[in-house]
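The values are calculated or read from the model by the stated rules, or taken from the named source; none is laboratory data. None of the values given here were measured: they were computed from a predicted structure. In this analysis, Cβ positions are derived from the backbone assuming ideal geometry, glycine residues included, and neighbour counts consider all displayed protein chains.
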Amino acid sequence: MTVQDICTCMEEFAPLSLQESWDNSGLAVGLPQQDVRKVLITVDINEAVVEEAVECGAQMIVGHHPITLSGVRRLTGASEAERTLTAAVAGKIAIYVAHTNMDAAEGGVSHRMAQKLGLNDVQVLARRGNTLRKLVVYIPKSHLSGVREALFEAGAGHTGNYDCCGYETEGKGMFRALPGARPFAGKPGERHTETEIRFETVFPSHLQSAILAALFKTHPYEEIAYDIYALRNESPTGLGVTGQLPSPMDEQAFLRLLKDVFHVPLLRHTRLHGKDVRKVALCGGSGSSLLPDALHSRADVYVTADFKYHQFADAEKDILIADIGHFESEQFTMEIFYDILTKKNPTFAVQISQVNTNPINCL
Ligand SMILES: [Zn+2]
């Protein structure tokens with residue numbers, strides 16, 4: 001396997017187009033053609049995990065949390081991120097991150113949490129809206145394939161489990177080049193008609209600049225006729241899930257189940273309502289911003305992490321909140337990575353990190 005093979009394997013499961021605009025998922029360190037004989041998997045990537053990779057003979061780390069979201073401007077060892085990156089480069093360890101794309105992927109972080117709790121009828125909690133755009137561009141027939149392939153390469157045309165999605169109709173485009181123009185076809189001062197293809201495709205809004213760069217690089221016209229539409233379609237993917245317990249449980253029993261399944265040392269929750277839990281909303285990691293979605297879903301309990309004091313107080317009348325801890329909620333992400341990397345090649349060496357990267361300790 002090469003670094004690129006591992007990236008492809010991960011992205012077939014969780015395409016990078018699913019990541020949030022502020023995220024930094026994907027290949028962080030390493031050359032795509034580098035050989036990989038062993039992968040170390042982890043939730044967090046720090047200096048100790050890189051050392052572990054070197055010691056156990058792994059050439060690549062696959063982790064959940066990006067080493068940095070804000071970027072690194074120098075490598076002087078002044079921060080954990082700088083030390084981690086320096087150690088990875090020195091140890092020739094490639095690093096791949098699957099963060100919010102793994103949260104949003106079908107079968108991703110929250111889906112695995114639901115599976116661990118034995119939930120049925122699992123649905124996405126917060127579908128994404130206003131993230132999809134449509135590009136319509138008029139391309140001279142002779143240049144269709146070059147422009148189209150560049151747009152796909154830049155991430156356009158990806159929908160669910162399909163890529164290279166587009167639509168083409170042939171028609172006649174016309175223009176008259178004015179003095180000073182250098183037209184692709186026709187003569188200045190004369191109206192020209194060109195056989196063009198109207199090509200339509202969709203893309204996530206955060207890829208717009210990359211997609212327009214690919215368009216401008218490959219389209220032969222001086223002035224390209226193109227339209228971008230904001231779509232109101234909801235994406236079938238999103239963050240968090242809801243699901244039904246196989247049979248109702250009282251709240252205490254459900255909280256004990258959470259403690260056992262997620263190995264929670266300290267479970268923080270709002271006051272009990274004295275009713276059974278049937279429908280569960282959950283989100284791996286810091287999911288407090290999805291509380292309105294959990295309320296809207298009419299779930300009996302919302303399981304996530306990193307709730308603030310006032311959020312507990314504001315929600316206590318409406319829903320039972322169970323804050324099980326950030327690391328605890330995402331620990332099974334390592335199982336997802338393991339399954340992805342061994343599915344096609346069961347003998348490929350994949351090791352789960354033994355470093356405890358959870359920065360939160362409980363007394
Ligand atoms: Zn997280």
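Assorted remarks:
- Comparison of ASN101, ASN24, ASN46 shows that the only residue that is within 15 Å of the ligand (Cβ to nearest atom), touching a Pro at 6+ places or on another chain (Cβ under 6 Å) and of a type in the set (S, T, N, Q) is ASN24.
- Boolean, VAL49 is out of contact with any His (no Cβ under 8 Å at 6 or more places or on another chain), buried (at least 22 other Cβ atoms within 10 Å of the Cβ), of a type in the set (A, V, I, L, M) and not in a loop (DSSP other than H, G, I, E, B): yes
- So PHE332, is it of a type in the set (Phe, Trp, Tyr), touching a residue at least 60 places away in the same chain (Cβ under 8 Å) and surrounded by fewer than 21 Cβ atoms within 10 Å (Cβ to Cβ): yes
- Scanning the range 221-242 for residues that are surrounded by 14 or more Cβ atoms within 10 Å (Cβ to Cβ) and at pLDDT 95 or above, we see that the one that is nearest to LEU291 (Cα to Cα) is GLY240.
- Test: MET102 is within 24 Å of THR2 (Cβ to Cβ), among the aliphatic types (A, V, I, L, M) and not in a strand (DSSP E or B): yes
- Applying the condition of being more than 20 Å from ILE360 (Cβ to Cβ) and surrounded by fewer than 20 Cβ atoms within 10 Å (Cβ to Cβ) to the range 252-266 and asking which residue is nearest to the ligand (Cβ to nearest atom) yields LEU257.
- Identification of strands (runs of 3 or more DSSP E) wholly contained in the range 118-218 with 1 or more residues that are in contact with a strand residue (DSSP E or B) (Cβ under 9 Å, 6 or more places away or on another chain) and closer than 30 Å to CYS283 by Cα yields 120-127, 132-140, 191-204.
- Within the set ALA105, ALA150, ALA98, ALA114, the sole residue that is surrounded by 21 or more Cβ atoms within 10 Å (Cβ to Cβ), at pLDDT 95 or above and either closer than 30 Å to PRO32 by Cα or touching a Cys at 6+ places or on another chain (Cβ under 9 Å) (or both) turns out to be ALA98.
- In summary, LEU27 fulfils each of the numbered conditions (1) touching a Phe, Trp or Tyr at 6+ places or on another chain (Cβ under 6 Å); (2) free of Cβ contacts under 8 Å to residues at least 24 places away in the same chain with the single exception of condition (2).
- Filtered residue count, the range 208-220, keeping only those that are farther than 30 Å from ASP293 by Cα and within 23 Å of the chain's Cα centre (by Cα): 6
- Condition met for SER142 (within 22 Å of the chain's Cα centre (by Cα), hydroxyl-bearing (Ser, Thr, Tyr) and surrounded by fewer than 17 Cβ atoms within 10 Å (Cβ to Cβ)): no
- Hits in the range 128-154 (condition: under 19 Å from LEU231 (Cβ atoms) and out of contact with any His (no Cβ under 9 Å at 6 or more places or on another chain)): ARG128, GLY129, ASN130, LEU132, ARG133, LYS134, LEU135, VAL136, LEU151, ALA154
- Scanning the range 193-219 for residues that are closer than 16 Å to LEU144 by Cα, surrounded by 14 or more Cβ atoms within 10 Å (Cβ to Cβ) and either of a type in the set (Lys, Arg) or touching a residue at least 60 places away in the same chain (Cβ under 8 Å) (or both) yields ARG198, PHE199, GLU200, THR201, ILE211, ALA214, LEU215, THR218, HIS219.
- Single residue of THR86, THR68 found to be within 16 Å of the ligand (Cβ to nearest atom), among the polar types (S, T, N, Q) and not in a strand (DSSP E or B): THR68
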